[in-house]
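The values are calculated or read from the model by the stated rules, or taken from the named source; none is laboratory data. What you are looking at is a predicted structure, and each value in this text was computed from that prediction instead of being measured. Cβ: placed from backbone, ideal geometry, glycine included. Neighbour counts: every protein chain shown.
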Amino acid sequence: MREKQDLQIEYNVDLSTEELYLFLNHCYGKWGNINYLNWKYRLINGVKLDTIIIKSNQKPIAFRGVFTRNLKANDKSYNVSTVGDTSVSKEYRGLKLYRYLVDFADNVVSENNCQFLSSYNQMSSITFLKNKERGWQPFDFSVKMKIFSYNKVFNYYLDKVLENNKKLKNLTLKYINKIQLFIENEKINLSDKDDCLKLTTIKISKNAFESLINNRHKSIASLLILGIKLFLKREVKLKLHFNKLVKFK
């Protein structure tokens, strides 16, 4: 654990910096690249963005983004702020830096005369549990999403499916670099070894991908049966490359 000293706090700075997305990847794992950073925090319309970055020795150690926009419901208008990415570097946790981030969001709400402050979290996450302790009220509601990158969504859910199944994970890691996968004509990056011999090409339609995502909590057997049904409906297409010589050890 580091000591709390020589901290620099910066507000609403230019976010298209390599150090910021490297920091977010450091905190979250597979967070994204510079294009994802720009899409999420710069290429937005009708939304006011406020950010705070805490640095030590000129390097980011904590960050929070807050989006504010006007929403209409039942013929009434509301100013609503939504908490975006919130992260503190592991090396600096335990120094109450998160308190700075919480106070920052509260100040944004006050300055923009917001009626609500919202946060989208998984119910099992620490953030959800902490917010509930602070008196936040949880609400369940349907969300209509538009997928901009099948690559990011697919790899996120693949990690979720495999994290609790060691045998399936080992099997997947063994053969995944031999599969070429497309979702709605977008090539999915399954492996860094792109020059490996591809034994199979799989093409999945948008509808098939959404069906698999919606049924992701079911057993592997159920997902396999669903995959067969989608294959029979031509929503999933397979091409085996028999013309290639393959030597199995």
(request) Would you mind stating whether residue 56 is farther than 26 Å from residue 110 by Cβ, of a type in the set (S, T, N, Q) and touching a Leu at 6+ places or on another chain (Cβ under 8 Å)? (result) yes
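Among the listed residues 230, 224, identify the single one that is within 21 Å of residue 174 (Cα to Cα), of a type in the set (A, V, I, L, M) and either at pLDDT 75 or above or part of a loop (DSSP other than H, G, I, E, B) (or both).
Matching residue, one of 230, 224: 224.
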(request) Kindly indicate the residue of the range 83-113 that is touching an Asp or Glu at 6+ places or on another chain (Cβ under 9 Å) and among the aliphatic types (A, V, I, L, M) and also nearest to residue 8 (Cα to Cα) among those meeting that condition. (result) 95
(message) I need the helices (runs of 4 or more DSSP H) fully contained in the range 1-118, keeping only those with at least 2 residues that are more than 23 Å from residue 134 (Cα to Cα) and free of Cβ contacts under 8 Å to residues at least 40 places away in the same chain.
(response) 18-28, 34-41
(message) Tally up the residues in the range 129-147 that are under 16 Å from the mean Cα position of the chain (by Cα) and surrounded by 11 or more Cβ atoms within 10 Å (Cβ to Cβ), please.
(response) 1
(request) Pull up the range 149-188, narrow it to residues that are exposed (fewer than 11 other Cβ atoms within 10 Å of the Cβ) and assigned to a loop (DSSP other than H, G, I, E, B), then point me to the one that is modelled with the highest pLDDT. (result) 185
(request) Output the residues belonging to the range 150-194 that are within 16 Å of residue 217 (Cα to Cα) and in contact (Cβ under 8 Å) with a residue 40 or more places away in the chain. (result) 153, 154, 155, 156, 157, 159, 160, 161, 165, 168
